Amino acid sequence: MKPFKIALSKGRPVCLPPKGGRLLSCALCGSPWMNAGGLCRDCEKKLPKKPEDRRIFGIKRTAAALCYEEPAIALVHRFKYQNCRYLAEFFALHMAGEDDFPKGAVLIPVPLHPNRQRQRGFSQTAELCAELSRMTGRRAESALLARSWDTPPQTGLPLADRRANLKGAFTAGDAKGISVILVDDVITSGATLGECANTLNAAGAKAVYALCACSVDNWEAQ
Ligand SMILES: [Zn+2]
C-alpha cells in the first residue's frame with residue numbers, strides 16, 4: 001500500500017495532508033489504527049531506539065527522540081523534502097517525551113538559511129518548535145537567533161572543518177538570563193548546535209539545552 005497520496009504543487013511533491021492538517025493515521029503506513037505515538041502497532045515495532053544523549057560543548061543536555069536509522073530516515077525525508085509538514089506533529093510527539101528541561105525555558109528553532117527555507121517553502125525546525133510549543137505549553141522564541149550567512153554544504157567534512165565553516169554564522173538577540181532549548185531535526189556532528197550554543201551563551205543565556213527529532217549514533221566512528 002502506498003502510504004500517502006503524493007500530488008505536485010508548483011513543481012514540488014506534496015503529501016495530501018490528513019484532515020485539518022493533523023495526524024489522523026499512522027505516520028508511516030497510513031493505517032487508520034494509530035496509537036498515541038502517531039503510528040500503528042506494526043510500525044511502532046519498526047521504529048529505531050532512543051539514542052544516547054549527545055555531549056556538545058556549551059549545551060547542558062542534548063537529547064534526541066530517535067536514532068537516525070530507518071524508518072526514521074524515510075520519515076525525515078518525507079517531512080523535509082516532500083513537504084509533509086504535518087509530520088512535525090509525529091516527531092514532536094516523540095520529542096516531547098524527552099522534555100525534562102527547566103520550567104520557563106523557551107524553544108528556539110535552529111535557523112535555516114533564508115535561501116534554503118525559500119527552496120523548501122518552510123522551515124522544518126520552526127514547524128517542530130510550533131508543535132512542541134502546542135504540546136508542552138513552552139514559549140517559542142524564533143526571533144532570538146538568526147543565521148547571518150549561508151554555510152557551504154557540510155556533508156563529508158571532518159568536525160574541525162565543519163566548526164570552522166560555522167564560526168560566526170549565527171547572531172543572537174539579548175538572551176540575558178534566559179534558558180533556551182534549541183530545536184533541530186537531525187544531529188549529525190553537532191557542529192551546528194555547538195555554534196548556536198556558543199552564540200547564545202555569548203549573548204548571556206542562562207543555560208542552553210537541545211532537543212532534536214533524530215540523532216546519528218556513533219557519528220565519530222563513521
Ligand atoms: Zn503503520
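Values quoted throughout were computed directly from the atomic coordinates according to the rules given, and no laboratory measurement underlies them. In this text, all values refer to a predicted model and were calculated from it rather than measured experimentally. Methodologically, a virtual Cβ is constructed for each residue, glycine included, from the backbone with ideal geometry; neighbour enumeration extends over all protein chains shown.
Values computed for the structure shown
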item	result
Selection count where residues are within 16 Å of the ligand (Cβ to nearest atom), hydrophobic (A, V, I, L, M, F, W, C) and assigned to a loop (DSSP other than H, G, I, E, B), scope segment 58-75	0
Top-ranked residue of segment 23-57 - restricted to ones that are among the aliphatic types (A, V, I, L, M) and within 8 Å of the ligand (Cβ to nearest atom), ranked as surrounded by the fewest Cβ atoms within 10 Å (Cβ to Cβ)	MET34
Residues (crowded, with 19+ Cβ neighbours inside 10 Å and part of a strand (DSSP E or B)) located in segment 121-166	ALA140, LEU145, ARG147
Residues within segment 104-120 that are farther than 16 Å from PRO153 by Cβ, over 11 Å from the mean Cα position of the chain (by Cα) and not in a helix (DSSP H, G or I), tallied	4
